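Each remark here refers to the structure printed beneath this line.
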Amino acid sequence: MDNRRIKRLLIANRGEIALRVIRACRELDITSVAVFSPIDRTSLHVLRADEAYPLEGVSPRECYLNQAGILALAKRVGVDAIHPGYGFLAENADFAEAVQSAGLMFVGPSASAIRALGDKTSARRMAHQLGIPTIQGTVEPILETGSALTLAREIGFPVLLKAAAGGGGKGMRIVRNEGEFETSLRLAQSEAKGAFGDDRVYMEKYLDSPRHIEMQVLADTYGNVIYLGERECSIQRRHQKIIEESPSSIVDESLRCSLGEASTTLAKAARYSNAGTMEFLLDKEMNFYFLEMNTRLQVEHPVTEEITGIDLVHQQIRIAEGDRLEIRQADIKRLGHSIECRICAEDPDENFMPSTGTLRRYELPQGRIRIENGFQEGDEVTVFYDSLMAKVVSVGNTRIDAINVMKRALSEFSVEGVSTTIPFCQFVLESEDFVQGQFDTHFIEKHIGRKTVTKNSKNENLIAAIAAVLLDSAAAPAQAVPVARTLDGSAWKSMRREGFR
């Protein structure tokens, strides 16, 4: 296989993940090319990239999900490759195929691998065929409400509806009884369509009090597959992770090997290449069940990087260029403990409702931590995109060390203008059950209380419907964004980087 070197890389994303890829490009001497919607025209990823070009429209479908528009731009500006980040088009097999058909490198798995494993129903079928334990549910997307409801009765409520083409908690709904099923299915389909451009949904049994464990894998195009260790992702709200750590406090070496072997077996069967993550649920008896695969980089990838010393974005780019993995399974050494807290523009006191507004104050913590950030003071947080603002990553020799460093860092994080998840993260870190490693995916219900967390539950469907409409809108009016700085004084210019458009 001939290896081609990437010289110009377009990042089909925004926010902190776009900045993460930009940094990797700079370290590898690759020209970074950003894209942006009108709302994002003064965002950090635009200012830090070597080049940046506008996209049409405001809603995700109009801009960051617009495959034809992104590909046309890529061709016009002469890039060699496209990195999709996570979310948006990251797990879209048609997009990966279109990129490769255009003669460009896709920094991610092949279209066939995405279809096999990125599609949740296909991945469940393959795992089942390989003898990997899976949760009871459908292996095909739901096409008809009546038959799906009949199966839900057989499985037993509660059940979980999930987007077949995406992740990150979007297009996911718990259905606790028959009366909720039809409405929940419609909302899940609408959310999935708005977030991923694909409204297919499948169903599985909702497990009681599980732990959410995932395994990071790397694979090249020559059949070499390794696993880098697990991440614990059980602290969640609205089925979305908010605190992640590696290693897990309950996974021993035997279970780690079992999870790793299941992950590499599945990846090899699908001829998978690039970075990917196998997600599992652990029940109270420590039995594991394959949940899904994320055929992309994960939001929480920094905790794995911190304890292994392996740069996953560098690896993604080298694999896309056709390099063999230089790392073997025996080379993987995990040292210390790392924790990540997601800082989202949400109000924990209002059932984690999204919070919008202008960042009047935005000061990041420093010292013994890693910050993955997508905002700066003066930026506008809008309703159109994901609420994730930044990630704080701590590292310690022990889990307690990492917790203490994180507590100190969060106390220094200063935000005014929007509500954030910082108070919730602080609450978790102070919880004795978290410190002792005694928690599961229902931490919020058990520790904050049903009344606090669900006081807006009557409006939950309405909120979800409004969000779905906003995401799906093809004609949403552009919001006026206060410009707190000009492009002439931006970081790219001070570094004498040329080519900004």
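The values are calculated or read from the model by the stated rules, or taken from the named source; none is laboratory data. Predicted model only: the values in this text are computed from it and were never measured. Reconstructed Cβ throughout: ideal geometry from the backbone, glycine too, with neighbour counts over all protein chains shown. In case anyone asks, the SASA skips ligands and DNA or RNA and just uses the protein heavy atoms, side chains included. Shrake-Rupley method; radii C 1.70, N 1.55, O 1.52, S 1.80 Å.
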Any residue that is among the basic types (Lys, Arg), in contact (Cβ under 8 Å) with a residue 40 or more places away in the chain and closer than 26 Å to Arg20 by Cβ - is there at least one of those in segment 201-220? no
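Each row is one residue, and each column tells you yes or no for (1) over 19 Å from Cys233 (Cβ atoms); (2) in contact with a helix residue (DSSP H, G or I) (Cβ under 8 Å, 6 or more places away or on another chain); (3) not aliphatic (A, V, I, L, M).
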| residue | (1), (2), (3) |
| --- | --- |
| Gly179 | yes, no, yes |
| Leu185 | yes, yes, no |
| Gln189 | yes, no, yes |
| Lys193 | yes, yes, yes |
| Gly197 | yes, no, yes |
| Met203 | yes, yes, no |
| Asp208 | no, no, yes |
| His212 | no, no, yes |
| Ala219 | yes, yes, no |
Working only within segment 25-36, note down all residues that are open to solvent by less than 10 Å² (accessible area, probe 1.4 Å) and part of a strand (DSSP E or B). Ser32, Val33, Ala34, Val35
Checked pairs for segment 379-398, first part of a strand (DSSP E or B), second open to solvent by less than 20 Å² (accessible area, probe 1.4 Å) and among the polar types (S, T, N, Q), C-beta under 6 Å and 6 or more apart or across chains, list as Ala390/Asn373; Val395/Ser338
When segment 267-283 is checked residue by residue, the ones that are in a strand (DSSP E or B), under 16 Å from Glu214 (Cα atoms) and not charged (D, E, K, R) are Ala275, Gly276, Thr277, Met278, Phe280, Leu281, Leu282
Just checking, which of Ile235, Ile242, Ile226, Ile213 is surrounded by fewer than 22 Cβ atoms within 10 Å (Cβ to Cβ) and in a strand (DSSP E or B)? Ile226
Just for segment 177-198: of the residues that are free of Cβ contacts under 8 Å to residues at least 24 places away in the same chain and among the charged types (D, E, K, R), which one is most open to solvent (accessible area, probe 1.4 Å)? Arg186
Of these, Glu292, Glu372, Glu306, which one is modelled with pLDDT under 95, in contact with a strand residue (DSSP E or B) (Cβ under 9 Å, 6 or more places away or on another chain) and either among the small types (Gly, Ala, Ser) or not in a loop (DSSP other than H, G, I, E, B) (or both)? Glu292
Can you find a residue that is open to solvent by less than 10 Å² (accessible area, probe 1.4 Å), touching a Pro at 6+ places or on another chain (Cβ under 9 Å), of a type in the set (Val, Ile, Thr) and farther than 25 Å from His301 by Cβ anywhere in segment 37-58? yes
Cβ pairs under 7 Å, 6+ apart or interchain, first in segment 356-374 and within 12 Å of Glu412 (Cβ to Cβ), second at pLDDT 95 or above and surrounded by fewer than 17 Cβ atoms within 10 Å (Cβ to Cβ), ordered by first then second residue, are Glu363/Ser414; Leu364/Ile371; Pro365/Glu412
Please name all residue pairs, on different chains or six or more residues apart, with Cβ atoms under 9 Å, provided the first residue is in segment 261-285 and is within 22 Å of Glu300 (Cβ to Cβ) and polar (S, T, N, Q) and the second residue is open to solvent by 20 Å² or more (accessible area, probe 1.4 Å) and part of a loop (DSSP other than H, G, I, E, B). Ser273/Ser110; Ser273/Thr221; Ser273/Tyr222; Ser273/Gly223; Asn274/Ser110; Asn274/Thr221; Asn274/Arg296; Thr277/Arg296
If we scan segment 347-355, do we find a residue that is part of a strand (DSSP E or B), farther than 21 Å from Cys25 by Cβ and not acidic (Asp, Glu)? yes
